[in-house]
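Chemist: If you scroll down you'll find the structure; I have some questions about it.
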Amino acid sequence: MMVRENLQKILQELPPKVQLIAVSKTKPLEDIIEAYEAGQKVFGENKVQEMVDKHESLPKDIQWHMIGHLQTNKVKYIAPFVSLIHSVDSEKLLMEIEKQGKKIKRKISCLLQIHIAQEEHKFGFSINELSALLESDTFKSFEYIQINGVMGMASYVENEIQIRQEFRSLKNDFDQLKSRYFLKDANFKEISMGMSGDYSIAIEEGSTMIRIGGSIFGSR
Ligand SMILES: *Cc1c(COP(=O)(O)O)cnc(C)c1O
(Lines give C-alpha, C1' and ligand atoms only; values in the text may rest on other atoms or scores of the structure.)
Protein backbone atom coordinates (compact mmCIF):
# COMPACT_ATOMS: atom_id res chain seq x y z
CA MET A 1 0.00 0.00 0.00
CA MET A 2 1.28 3.39 -1.02
CA VAL A 3 -1.56 5.59 0.18
CA ARG A 4 0.55 7.64 2.59
CA GLU A 5 3.31 8.20 0.03
CA ASN A 6 0.83 9.10 -2.71
CA LEU A 7 -0.91 11.60 -0.44
CA GLN A 8 2.33 13.25 0.57
CA LYS A 9 3.43 13.57 -3.02
CA ILE A 10 0.23 15.39 -3.99
CA LEU A 11 0.15 17.57 -0.87
CA GLN A 12 3.75 18.71 -1.42
CA GLU A 13 2.86 20.32 -4.73
CA LEU A 14 -0.43 21.80 -3.53
CA PRO A 15 -0.72 25.58 -3.10
CA PRO A 16 -2.01 26.36 0.41
CA LYS A 17 -5.41 27.61 -0.79
CA VAL A 18 -6.21 24.38 -2.64
CA GLN A 19 -7.97 21.66 -0.65
CA LEU A 20 -7.53 17.98 -1.42
CA ILE A 21 -10.66 15.80 -1.48
CA ALA A 22 -9.56 12.15 -1.35
CA VAL A 23 -12.01 10.24 -3.53
CA SER A 24 -12.49 6.91 -1.80
CA LYS A 25 -15.37 5.50 -3.86
CA THR A 26 -15.20 1.70 -4.28
CA LYS A 27 -12.21 1.57 -1.90
CA PRO A 28 -12.32 -0.47 1.33
CA LEU A 29 -12.25 0.98 4.85
CA GLU A 30 -8.60 -0.04 5.33
CA ASP A 31 -7.50 2.30 2.54
CA ILE A 32 -9.45 5.19 4.03
CA ILE A 33 -8.02 4.51 7.49
CA GLU A 34 -4.52 4.59 6.05
CA ALA A 35 -5.17 7.98 4.49
CA TYR A 36 -6.88 9.19 7.67
CA GLU A 37 -3.89 8.19 9.78
CA ALA A 38 -1.66 10.07 7.37
CA GLY A 39 -3.70 13.19 8.17
CA GLN A 40 -6.33 13.25 5.42
CA LYS A 41 -9.74 14.15 6.88
CA VAL A 42 -11.83 14.98 3.79
CA PHE A 43 -13.16 12.20 1.58
CA GLY A 44 -15.37 12.15 -1.49
CA GLU A 45 -17.91 9.48 -2.43
CA ASN A 46 -20.30 9.22 -5.35
CA LYS A 47 -22.88 6.72 -4.02
CA VAL A 48 -25.23 7.45 -1.13
CA GLN A 49 -25.36 3.97 0.40
CA GLU A 50 -21.59 3.57 0.31
CA MET A 51 -21.08 6.97 1.90
CA VAL A 52 -23.62 6.23 4.66
CA ASP A 53 -21.96 2.88 5.43
CA LYS A 54 -18.48 4.39 5.52
CA HIS A 55 -19.65 7.32 7.66
CA GLU A 56 -21.10 4.86 10.18
CA SER A 57 -17.94 2.75 10.32
CA LEU A 58 -15.24 5.42 10.38
CA PRO A 59 -14.11 8.21 12.75
CA LYS A 60 -16.64 11.00 13.15
CA ASP A 61 -14.19 13.82 12.42
CA ILE A 62 -14.06 12.77 8.77
CA GLN A 63 -15.75 15.24 6.45
CA TRP A 64 -17.77 13.50 3.76
CA HIS A 65 -18.24 15.19 0.39
CA MET A 66 -20.83 13.94 -2.11
CA ILE A 67 -19.30 14.28 -5.57
CA GLY A 68 -21.55 12.08 -7.71
CA HIS A 69 -24.96 12.64 -9.26
CA LEU A 70 -27.47 12.66 -6.39
CA GLN A 71 -31.04 11.40 -6.69
CA THR A 72 -33.62 13.47 -4.83
CA ASN A 73 -35.08 10.46 -3.01
CA LYS A 74 -31.69 9.77 -1.40
CA VAL A 75 -30.89 13.23 -0.03
CA LYS A 76 -32.48 12.36 3.32
CA TYR A 77 -29.86 9.69 4.06
CA ILE A 78 -26.89 12.05 3.86
CA ALA A 79 -28.50 15.33 5.00
CA PRO A 80 -27.61 14.79 8.69
CA PHE A 81 -23.87 14.51 8.15
CA VAL A 82 -22.72 15.46 4.63
CA SER A 83 -20.15 18.21 4.75
CA LEU A 84 -20.45 19.43 1.14
CA ILE A 85 -22.50 18.36 -1.88
CA HIS A 86 -20.44 19.13 -5.01
CA SER A 87 -22.94 17.77 -7.50
CA VAL A 88 -26.05 19.94 -7.26
CA ASP A 89 -27.33 19.90 -10.83
CA SER A 90 -31.05 20.76 -10.71
CA GLU A 91 -33.57 23.03 -9.03
CA LYS A 92 -35.52 19.95 -8.00
CA LEU A 93 -32.49 18.65 -6.10
CA LEU A 94 -31.97 22.00 -4.39
CA MET A 95 -35.61 22.01 -3.28
CA GLU A 96 -35.19 18.56 -1.78
CA ILE A 97 -31.98 19.53 0.02
CA GLU A 98 -33.81 22.56 1.44
CA LYS A 99 -36.68 20.32 2.57
CA GLN A 100 -34.38 17.82 4.29
CA GLY A 101 -32.23 20.55 5.86
CA LYS A 102 -35.35 22.21 7.24
CA LYS A 103 -36.56 18.94 8.79
CA ILE A 104 -33.40 18.53 10.84
CA LYS A 105 -32.58 22.25 11.20
CA ARG A 106 -29.23 21.85 9.48
CA LYS A 107 -27.88 24.20 6.86
CA ILE A 108 -26.35 22.15 4.04
CA SER A 109 -23.40 23.38 2.01
CA CYS A 110 -23.58 22.90 -1.75
CA LEU A 111 -21.69 23.60 -4.94
CA LEU A 112 -23.52 24.29 -8.19
CA GLN A 113 -22.35 21.83 -10.83
CA ILE A 114 -21.81 23.51 -14.18
CA HIS A 115 -21.63 21.63 -17.45
CA ILE A 116 -18.26 22.60 -18.96
CA ALA A 117 -17.35 19.49 -20.95
CA GLN A 118 -18.07 19.08 -24.63
CA GLU A 119 -19.25 15.58 -23.78
CA GLU A 120 -23.03 15.38 -23.70
CA HIS A 121 -23.56 12.90 -20.92
CA LYS A 122 -22.07 14.88 -18.05
CA PHE A 123 -24.43 16.51 -15.59
CA GLY A 124 -24.69 20.16 -14.68
CA PHE A 125 -26.34 23.52 -15.26
CA SER A 126 -25.61 25.92 -18.09
CA ILE A 127 -24.73 29.44 -17.00
CA ASN A 128 -28.07 30.69 -18.33
CA GLU A 129 -30.02 28.12 -16.36
CA LEU A 130 -28.10 29.16 -13.27
CA SER A 131 -28.83 32.85 -13.75
CA ALA A 132 -32.55 32.09 -14.00
CA LEU A 133 -32.38 29.90 -10.91
CA LEU A 134 -30.41 32.36 -8.80
CA GLU A 135 -32.84 35.16 -9.66
CA SER A 136 -35.92 33.08 -8.85
CA ASP A 137 -38.11 33.54 -5.79
CA THR A 138 -37.69 29.84 -5.04
CA PHE A 139 -33.97 30.25 -4.69
CA LYS A 140 -34.30 33.38 -2.58
CA SER A 141 -36.61 31.54 -0.20
CA PHE A 142 -34.03 28.88 0.73
CA GLU A 143 -32.97 28.98 4.37
CA TYR A 144 -31.19 25.67 4.76
CA ILE A 145 -28.93 25.81 1.72
CA GLN A 146 -25.57 27.49 1.62
CA ILE A 147 -23.94 27.88 -1.78
CA ASN A 148 -20.16 27.63 -1.43
CA GLY A 149 -19.24 27.86 -5.11
CA VAL A 150 -19.17 25.78 -8.28
CA MET A 151 -17.99 22.39 -9.50
CA GLY A 152 -17.20 21.07 -12.94
CA MET A 153 -15.67 18.16 -14.79
CA ALA A 154 -13.57 18.56 -17.90
CA SER A 155 -13.98 16.25 -20.88
CA TYR A 156 -12.24 12.92 -20.57
CA VAL A 157 -9.74 13.55 -23.36
CA GLU A 158 -5.98 13.74 -23.88
CA ASN A 159 -6.12 17.22 -25.38
CA GLU A 160 -4.69 19.52 -22.71
CA ILE A 161 -5.70 22.65 -24.57
CA GLN A 162 -9.33 21.58 -24.49
CA ILE A 163 -9.15 20.63 -20.80
CA ARG A 164 -7.58 23.97 -19.96
CA GLN A 165 -10.28 25.85 -21.91
CA GLU A 166 -13.01 23.99 -20.05
CA PHE A 167 -11.48 24.76 -16.64
CA ARG A 168 -10.99 28.36 -17.70
CA SER A 169 -14.66 28.62 -18.65
CA LEU A 170 -15.63 27.32 -15.20
CA LYS A 171 -13.43 29.95 -13.54
CA ASN A 172 -15.12 32.57 -15.75
CA ASP A 173 -18.57 31.31 -14.78
CA PHE A 174 -17.56 31.44 -11.12
CA ASP A 175 -16.34 35.05 -11.45
CA GLN A 176 -19.54 36.06 -13.22
CA LEU A 177 -21.79 34.44 -10.62
CA LYS A 178 -19.71 35.88 -7.80
CA SER A 179 -20.00 39.43 -9.11
CA ARG A 180 -23.69 39.16 -10.02
CA TYR A 181 -25.15 37.19 -7.12
CA PHE A 182 -22.64 36.51 -4.35
CA LEU A 183 -20.48 39.60 -4.06
CA LYS A 184 -21.24 40.04 -0.36
CA ASP A 185 -21.32 36.33 0.40
CA ALA A 186 -17.94 35.19 1.74
CA ASN A 187 -19.05 31.54 1.59
CA PHE A 188 -19.14 31.62 -2.20
CA LYS A 189 -15.46 30.98 -2.82
CA GLU A 190 -14.91 27.42 -4.01
CA ILE A 191 -14.13 26.14 -7.49
CA SER A 192 -14.07 22.34 -7.38
CA MET A 193 -12.20 21.17 -10.46
CA GLY A 194 -9.40 18.73 -11.18
CA MET A 195 -9.08 14.94 -10.92
CA SER A 196 -6.09 12.58 -11.04
CA GLY A 197 -5.44 13.13 -14.72
CA ASP A 198 -5.88 16.89 -14.91
CA TYR A 199 -5.48 18.49 -11.48
CA SER A 200 -2.25 20.35 -12.31
CA ILE A 201 -4.02 22.19 -15.12
CA ALA A 202 -7.04 22.80 -12.86
CA ILE A 203 -4.85 24.41 -10.20
CA GLU A 204 -3.20 26.65 -12.78
CA GLU A 205 -6.69 27.73 -13.86
CA GLY A 206 -7.85 28.63 -10.36
CA SER A 207 -9.14 25.48 -8.68
CA THR A 208 -9.65 25.62 -4.90
CA MET A 209 -10.67 21.97 -4.46
CA ILE A 210 -9.25 18.99 -6.31
CA ARG A 211 -10.97 15.60 -6.21
CA ILE A 212 -8.38 12.85 -6.44
CA GLY A 213 -9.03 9.11 -6.38
CA GLY A 214 -6.70 7.02 -8.51
CA SER A 215 -3.52 8.93 -7.76
CA ILE A 216 -4.01 8.28 -4.03
CA PHE A 217 -5.63 4.85 -3.82
CA GLY A 218 -4.58 3.27 -7.11
CA SER A 219 -6.77 2.71 -10.13
CA ARG A 220 -10.26 1.32 -9.67
C1 LIG B 1 -14.26 9.42 -9.46
C2 LIG B 1 -14.36 10.90 -9.45
C3 LIG B 1 -13.23 11.70 -9.20
C4 LIG B 1 -11.85 11.13 -9.00
O5 LIG B 1 -11.36 10.60 -10.20
P6 LIG B 1 -9.85 10.04 -10.30
O7 LIG B 1 -9.59 10.04 -11.75
O8 LIG B 1 -9.86 8.67 -9.69
O9 LIG B 1 -8.97 10.98 -9.56
C10 LIG B 1 -13.42 13.07 -9.16
N11 LIG B 1 -14.63 13.63 -9.34
C12 LIG B 1 -15.73 12.90 -9.58
C13 LIG B 1 -17.04 13.60 -9.77
C14 LIG B 1 -15.64 11.50 -9.65
O15 LIG B 1 -16.74 10.79 -9.89
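The values are calculated or read from the model by the stated rules, or taken from the named source; none is laboratory data. Predicted model, so just to flag it, every value in this text is computed and none were measured. Reconstructed Cβ throughout: ideal geometry from the backbone, glycine too, with neighbour counts over all protein chains shown. When the accessible area is computed, the model is the full protein with side chains, heavy atoms only, and any ligands, DNA or RNA have been set aside. Shrake-Rupley method; radii C 1.70, N 1.55, O 1.52, S 1.80 Å.
Chemist: Please find, among Lys171, Lys189, the residue that is surrounded by 13 or more Cβ atoms within 10 Å (Cβ to Cβ), away from the ligand (no atom under 11 Å from the Cβ), more than 14 Å from Ile116 (Cβ to Cβ) and not small (Gly, Ala, Ser).
Modeler: The match here is Lys189.
Chemist: I would also like to ask the following. Between a residue in the stretch 7-26 that is more than 13 Å from the ligand (Cβ to nearest atom) and open to solvent by 60 Å² or more (accessible area, probe 1.4 Å) and any residue that is part of a strand (DSSP E or B) and not hydroxyl-bearing (Ser, Thr, Tyr), which pairs come within a Cβ distance under 8 Å, given they are 6 or more apart or on different chains?
Modeler: These pairs meet every condition: Leu11/Leu20; Gln19/Val42; Gln19/Met209; Gln19/Ile210.
Chemist: A further question on this structure: Checking Gly206 against (1) open to solvent by less than 20 Å² (accessible area, probe 1.4 Å); (2) on the phi > 0 side of the Ramachandran plot; (3) within 15 Å of the ligand (Cβ to nearest atom): exactly one of these is not met. Which one?
Modeler: Of (1) open to solvent by less than 20 Å² (accessible area, probe 1.4 Å); (2) on the phi > 0 side of the Ramachandran plot; (3) within 15 Å of the ligand (Cβ to nearest atom), only one is false for Gly206: (3).
Chemist: Scanning for something surrounded by 15 or more Cβ atoms within 10 Å (Cβ to Cβ), among the acidic types (Asp, Glu) and farther than 18 Å from Gly213 by Cβ, does the stretch 75-89 turn up at least one residue?
Modeler: Quick first cut of the stretch 75-89, residues surrounded by 15 or more Cβ atoms within 10 Å (Cβ to Cβ) only: 75-79, 81-89.
Checking the rest, the ones that are also among the acidic types (Asp, Glu) come to 89.
After this cut, where a residue has to be farther than 18 Å from Gly213 by Cβ as well, the list is 89.
There is at least one residue in the stretch 75-89 that is surrounded by 15 or more Cβ atoms within 10 Å (Cβ to Cβ), among the acidic types (Asp, Glu) and farther than 18 Å from Gly213 by Cβ.
Chemist: Can I ask one more? Which numbered condition trips up Arg220, out of (1) within 11 Å of the ligand (Cβ to nearest atom); (2) modelled with pLDDT of 95 or more?
Modeler: (2)
Chemist: Sort out for me the helices (runs of 4 or more DSSP H) sitting completely within the stretch 114-217 that have 1 or more residues that are without any contact (Cβ under 8 Å) to a residue 40 or more places away in the chain, more than 30 Å from Pro80 (Cβ to Cβ) and β-branched (Val, Ile, Thr).
Modeler: Qualifying helices (runs of 4 or more DSSP H): 160-181.
Chemist: So for the stretch 34-49 (the condition being of a type in the set (Val, Ile, Thr), in a helix (DSSP H, G or I), open to solvent by less than 10 Å² (accessible area, probe 1.4 Å) and in contact with a Phe, Trp or Tyr (Cβ under 8 Å, 6 or more places away or on another chain)), does at least one residue qualify?
Modeler: No, the stretch 34-49 has no match at all.
Chemist: Please enumerate the residues belonging to the stretch 110-135 that are under 18 Å from Thr72 (Cβ atoms), in contact with a strand residue (DSSP E or B) (Cβ under 8 Å, 6 or more places away or on another chain) and open to solvent by 20 Å² or more (accessible area, probe 1.4 Å).
Modeler: Residues of the stretch 110-135 that are under 18 Å from Thr72 (Cβ atoms), as a first pass: 110-113, 123-125, 129, 133.
Next cut, in contact with a strand residue (DSSP E or B) (Cβ under 8 Å, 6 or more places away or on another chain) only: 110-113, 123-125, 133.
Correct list: Phe123, Gly124.
Chemist: Among (1) farther than 18 Å from Gly44 by Cβ; (2) charged (D, E, K, R); (3) within 16 Å of the chain's Cα centre (by Cα), which single condition is Lys122 missing?
Modeler: It fails just one condition, (1).
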